[in-house]
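> Structure provided below as structure tokens; questions to follow.
Please treat every number below as a calculation from the coordinates, not as lab data. Everything quoted here is computed from the prediction, not taken from an experiment. So basically every Cβ, Gly included, is an ideal-geometry build from the backbone, and we count neighbours across all protein chains shown.
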Amino acid sequence: MYKELSRLRRVIAGDKPVWLLRDRRDDLHVIESADDLSPGTQLLPEGDHQLLSPVAPSKIICLGRNYTSHALEMGNEPPERPLLFFKPPSAVIGPGEAIVLPKASSRVDYEGEIAVVVGRECRGVDEKKARECILGYTAFNDVTARDLQKIDGQWARAKGFDTFAPAGPEVVLTPPDFAWELLALTTRVNGDVRQQGSVEDMAFSIPYTVSYISHIMTLKPGDVIATGTPEGVGQLASGDTVSVEINGLDPLKNPVR
């Protein structure tokens, strides 16, 4: 199923960022931007191109405790409605870029997640329309300074450090009838499995979540919704490599330093 879906990526070609659409034949078509997904006739020449994060959002909206198992492991009850918080776009990094451990924290955790990318402006829509507003999905790591999260009470500092939002390596483009319930994720640290979860384990479905958020704020093309993490979060150390894996995508791998 996933081989039939096109993918959006962004690379450094020459000395500038280039948006690409990878079709089912694995041809890489140069496109004007993430807003124009019409495959062009220009193909990217062969070469070893540096992958960038395929997202450039105006905002990143995240769900807390969207997996019951994770809520319980953190000593919390599952929320009655989606628990939302923000990460700044300045925290985004791409595959292969380093997660930098800040001096202000002694406990930085990985949180592997499935992220949804918005494809069109979305405001006050129902779940059916929400599906039509979704461009696709990508892998995401909601890196968190756990000690600061507990100290501050609110999460802006703990979630907002530069490099705390790895995303990529591509966006898998999804049709409105995409079977979201079939997606699953695995997080590995140094090759060892630390997290495994499925969309079916979520307290709030992806279409419901997009609809819910759209009744609070206007979602813009390119905005990212990180849909929560399953149980198994844990601490990162300098020298680690963390990998978030989702069906249909190559792993999102980032070193830690």
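> Provide Rg and Dmax in Å for segment 1-146, with only Cα atoms included in the calculation.
17.9, 54
> Please flag any cysteine in the chain that has no other cysteine's Cβ under 4.7 angstrom from its own Cβ.
Singleton cysteines: CYS62.
> Quick check: pseudo-label points 7 Å beyond the Cα along Cα→Cβ at ARG120 and ILE12, how many nm apart are they?
If labels sit at ARG120 and ILE12, their model points lie 3.6 nm apart.
> Distance check, please: which entries in LYS16/LYS103; LYS16/LYS129; LYS159/LYS253; LYS128/LYS159; LYS87/LYS150 exceed 28 angstrom between their Cα atoms?
On the way: LYS16/LYS103 32 Å; LYS16/LYS129 35 Å; LYS159/LYS253 19 Å; LYS128/LYS159 31 Å; LYS87/LYS150 17 Å.
Those over the limit are LYS16/LYS103; LYS16/LYS129; LYS128/LYS159.
> Grab the DSSP H runs of the chain that are 4 residues or longer, score each as -39,500 (n - 2.57), total them, divide by all residues and round the 222 nm result to the nearest 500 deg cm²/dmol.
Values: 5 runs with 34 residues, N = 257.
Rounded to the nearest 500, it is -3500 deg cm²/dmol.
> Still on this structure, please answer the following. May I ask you to list the residues of segment 37-72 whose amide nitrogen lies under 20 Å from a point 7 Å from Cα along the Cα→beta-carbon direction of ASP23?
Of the residues in segment 37-72, 37-47 have backbone N under 20 Å from the label point off ASP23.
> So what is log10(I(q)/I(0)) for the chain at q = 0.07, 0.13, 0.15 1/Å, when the Debye sum runs over its Cα atoms only?
For the chain, the Cα-only Debye profile gives -0.22, -0.78, -1.05.
> While we're looking at this one, here's another question. Dipole of the chain, Cα-centred, from +1 at each Lys and Arg C-beta and -1 at each Asp and Glu C-beta, to the nearest 20 debye?
Working: 28 positive and 36 negative charges, 113 e Å.
Using Cβ point charges on Lys, Arg, Asp and Glu, the chain gives about 540 debye.
> For a quick size check, give me the Cα extents of segment 126-257 along its three principal axes, largest first, whole Å.
Principal extents (Cα only, largest first): 43, 33, 25 Å.
> At q = 0.14, 0.24, 0.29, 0.30 Å⁻¹, what log₁₀ I(q)/I(0) does segment 2-52 have when each alpha carbon counts as one equal point scatterer in the Debye sum?
Scattering profile of segment 2-52, log10 relative to I(0): -0.31, -0.91, -1.24, -1.30.
> Let me ask something else about it. Calculate, for LYS3 and GLN235, the FRET efficiency according to 1/(1 + (r/R0)^6) with r their C-beta to C-beta distance and R0 41 Å; round to the nearest 0.05. Let's see the in-between values first.
Numbers: r = 36 Å, r/R0 = 0.88.
Between LYS3 and GLN235 the formula returns 0.70.
> Among the GluC sites (Glu not before Pro) within segment 1-95, which fall in a DSSP loop and have no more than 14 other Cβ atoms within 10 Å of their own Cβ? Intermediate values should be presented prior to the final figure.
Details: sites: GLU4, GLU32, GLU46, GLU73, GLU80; in loops: GLU32, GLU46, GLU80.
Passing both the DSSP loop test and the Cβ count: GLU32, GLU46, GLU80.
> Something else now. Express in nm, to one decimal, how much length is gained between ASN76 and LYS220 on full extension, taking 0.36 nm for each residue of separation and deducting their alpha carbon distance.
48.7 nm
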